[in-house]
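The values are calculated or read from the model by the stated rules, or taken from the named source; none is laboratory data. Note that this is a predicted model, so its numbers are computed, not measured. No Cβ is skipped: glycine too gets one built from the backbone with ideal geometry, and neighbour counts run over all protein chains shown.
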Amino acid sequence: MFENFRSRYFTTSDRENIHFLINFNPSAPQKKPVLVFNYGLVCSMLHWKPQIEYFNQKNFPILAYDYRAHFSSSGRDKLENLTFDRMALDLKELLAFLQIENPVLLGHSMGVNLCLHFEVLYPHISKEVIVISGTALDVSHVLMNTEFNKLLLPFLYSLDKKYPDGFSTMWKLINFNPLVHQIIRFLGFNYKKVSTQFVRDYLYKVYELGPEVFFKLIHEMKTSFLLPNLPQIHKPVLIMAGNKDLVVPFETQKLLGLYIKDSTFKEIKDGSHVPQIDFPELINSEIENFVLRHDP
């Protein structure tokens, strides 16, 4: 997917294989901090493509990886281990394996939950954190700015458990439906900035992961209430939020800045839930300025 990157695998302490991409030699000293990209719920590295390409050209060392049970990583047969605790440990072990010290963690959407979870569990590993379009609240209360999800998500989960074959067919039909493409493009992105082809590529990845991964991680996002733990984070954190985010409400994202002491909050005008795709040049500039300000 990306030029000058090497595709590798790492085996975790519980014997899962984690797929990752790097553009640097781990045994050589790095002049710049390693940027570690964490994507969102049933998303992929595609959601960080403009940032990975830009910072690769700027000669930043980069680590992009697939979570357990995602794409080229193993673990689909043990979804009970797909938890934020275990995913955070996977990242800790991967950083140690690559001898990465003081990285910058970047998280989008659910990747924000993972980054914050990592910081609470392992506060002395990363140097800075950059989060986009995330929340530390129970997502069933905030997704799409409605609590209807408290009823809808359990209903869909029960359908999947009761009629797995039928639900898998419905999952496929939904993700390959042109009307759904346009609805997702309108609700999830700035439709004036993001192409239908990008949405098609994204939904193909959603289909590839399947509903089981989606429901397991939704459960993690519902039961992982981190707001009281955020004051424990004592390092620079950049928070970016699109003021037109229809998935995670803007005001909800502002709470992160109130609870994290050394944080900088940036409102992205006309930004959707995926502002790094809507306005890649702006987001790249904000990331670069933040990192260079703390790593001259």
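Looking at (1) at pLDDT 95 or above; (2) closer than 20 Å to F189 by Cα; (3) crowded, with 22+ Cβ neighbours inside 10 Å; (4) not small (G, A, S), find the lone condition where I260 falls short.
(2)
Could you count how many residues in region 204-253 are at pLDDT below 85, more than 21 Å from D85 (Cβ to Cβ) and of a type in the set (G, A, S)?
1
Of all residues in region 178-210, which are in a helix (DSSP H, G or I), under 17 Å from G271 (Cβ atoms) and among the hydrophobic types (A, V, I, L, M, F, W, C)?
Passing the criteria: I184, F186, L187, F198, V199.
Can you name the condition, by its number, that Q276 falls short on among (1) surrounded by fewer than 21 Cβ atoms within 10 Å (Cβ to Cβ); (2) within 18 Å of the chain's Cα centre (by Cα); (3) of a type outside the set (V, I, T)?
The one condition Q276 does not meet is (1).
Kindly establish whether L89 is under 22 Å from K222 (Cα atoms), of a type in the set (A, V, I, L, M) and out of contact with any Lys or Arg (no Cβ under 7 Å at 6 or more places or on another chain).
yes
Residues being surrounded by fewer than 19 Cβ atoms within 10 Å (Cβ to Cβ), without any contact (Cβ under 8 Å) to a residue 24 or more places away in the chain and in contact with a Lys or Arg (Cβ under 8 Å, 6 or more places away or on another chain): count how many of those fall in region 192-222.
Number satisfying all stated conditions: 1.
Please pick out the residue among K254, K235, K266, K244 that is farther than 24 Å from D66 by Cα and part of a strand (DSSP E or B).
Answer to the selection: K266.
Being closer than 13 Å to Y259 by Cα and of a type in the set (S, T, N, Q) is the filter; apply it to region 197-239 and report the residue that is nearest to the chain's Cα centre (by Cα).
N229
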